[in-house]
Each structure stands twice: as C-alpha cells, then as structure tokens.
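One structure is given below, encoded as structure tokens.
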Amino acid sequence: MTHNVNGKDMVLSLPWILMIAMLAGCNGSALENGEARGQTIVTSIETEESQELAMVETVQDEAIKIKAQDVSSFFDGASKDQVRMEDYGYLVGERYVLYFDKDTSFPGDLKRQIEEIMLMDEQVLGISFSVTDLVENKNWLEVYYGDVFRGIPKYQDKIHVMLAKDENDGAIPWTDGNEIMLFDSDFDPDYSSREMVYHEIAHALRLRHSLFLGKVLEEGIGVYAQYHVAQLLDTPCWCCIQFLQSSAVGFDEAAVVADPEGKFREYNLGGRSKEQPEYQYGFRLITFLMEEYGNDVIQRLSTNAAKYQ
Ligand SMILES: [Zn+2]
C-alpha cells in the first residue's frame, strides 16, 4: 500500500460543507432518543483467528428502532486482535460514540486507542472536551447511512465518530463540527494514516470551544496536534514531513515573510491546492504562537472567539 503525503483530510473544506448542507436540507428528521422495537438482533464479530463471537441481544420495545447493533460490551476487554465487524454497530463510550460501518476491520483495542488520542489531544492543545455549550451536532450520519443509526442519542458531551469502510485504502477522513468521519484503514498498522486520527479529533476538540477560526488556524491546530501527539506516542508523523520541509512541496516562504497578513487572508480564503499552504503556514503559525505566548494560547484564542458567536 502506498501513502499519499498530499492526501490530507477534508475537514471544513467548502465542497463537503456545501454537500452536507444541501443534503441536510432534504433529510431533516432529527435523531431522537430511543431503543429498538422488540426484536432480536444478531451481530457477529470475527477475530483474525476466525473465532466468531456471536452476540445476541433482545432490546426493549420503544418508538424508534435502532438498526445498528450495540457492541459496547465487546470492547470492554483490551484485545489487540484485529476485529472484523460484519454488520452495522455502535458503542457508547464515556466521551464519544463510535459508529461502525459494515465489514470494517480494526484493532480490538480501538476503544482504548481513541480514548488515548483524545487525552493526548487535550494535553497538547491545552483545551478540554468537557466544554459542551457550543457543540453543534449535524445529521450527516443520516445523510450517508439513512436510518441505520437513527435513535442513538446525539450526546452533547461526546464526540461522534463514524468508522467507515475504506474500500481502496485511500479515503480521506474529515470532521464537521462534532462529527468525525474516519476509515478503518486509519487504524491499519500497515498503513501510515493513523496520525490523521489525532488531527481529526483535534478539530472536533477545538470546534467545541468556538465557531470556526478560519482555515489557517484550524488546520494549523490539527497539524500541530498530529505532530506532537505522534511524538508523545513515539509513532511516525509522515505527513508532517511536508509541513516541516517547505522545499518539498513548493511552499513559498518568501511570500509569507514579505506579506504575512496578506498570506493569512489568502490561505484562509483559498481553495484546496496540492501545496496546502493553509496546513503548512498554519502549523508554523500555531507553533510560533505556542512558543511565544505559552501553551494556553489556543485556549485563550478559543475563549475570546467564543464571545463573537
Ligand atoms: Zn484538518
């Protein structure tokens, strides 16, 4: 498998937001609390050793039927086996809800991995997931998966993470408000995009604190988390190479030095490009701000931005 270092996430990119906004308008039924109607649902989970664990659960009769299976109990252990989820599933963790696509493969300790990354992101960025006032939940799960996950509460105090199947090991994860779209390949130990999980979770963390700060700051914060969490976990940060070596992708350092304000505006407003200057410039800007003004600078920026909601 190859890794495309230019393949960045699509968080907050205009085409996605427009598409989500357009589709949301046609699909407006809100998710509500509820459980499945009196039915027995079976989900089987297969480990790498083909050991099949069938889970059978009868749930209470309520107004809304949840088609996806609650697989929370399966993840209470810390198995490191690779797991394959045959059907749609979900688990409600302490600080996130994880939704599974059909036929996804991932490590058995996925729950622990996500918890660890959330903690690391908080530590690196100096802000907490406990802030809930400005959480904006969307209905994109319904846009993409219809009624499969309908009835699962849209908890304000949790982030919502979809683990989708990546057919070709090339899908690009993204974040929209309090929801994150990840792909099972992001957790594949043989595929180097796991660092993107740090990046996307950092977006959801930052966006809990104020409205969008612009592409430069938001992507800069995402890459900053990506780089520093990778260091804390002692894992490689392949994508960061392009943000540290400007010559590799033609980042015009001279232009930034000559006109920093102009470039800040241009990169905030610009479309996606191969060079991705908003990521590079943003990473450098956030690194500078953290070093110059202290590790609480993102918290202070967010607190001030929240006054202008
Ligand atoms: Zn991003």
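Read the figures in this text as sums done on the coordinates, not as results from a lab. Since we're looking at a predicted model, the values are computed, not measured. For neighbour counting, all protein chains shown are included, and Cβ atoms are generated from backbone atoms with ideal geometry for every residue, glycine included.
Ranked by Cβ crowding within 10 angstrom, fewest neighbours first, how are 205, 232 ordered?
Ordered from fewest to most neighbouring Cβ atoms within 10 Å, 205, 232 come out as 232, 205.
Here is the link list: 154/263; 165/263; 158/215; 154/307; 67/215; 102/307. Which ones come out longer than 31 Å on Cα distance?
Result: 154/263; 165/263; 67/215; 102/307 exceed 31 Å.
Tell me the volume per residue, in Å³, of the convex hull enclosing the alpha carbons of region 95-254.
130
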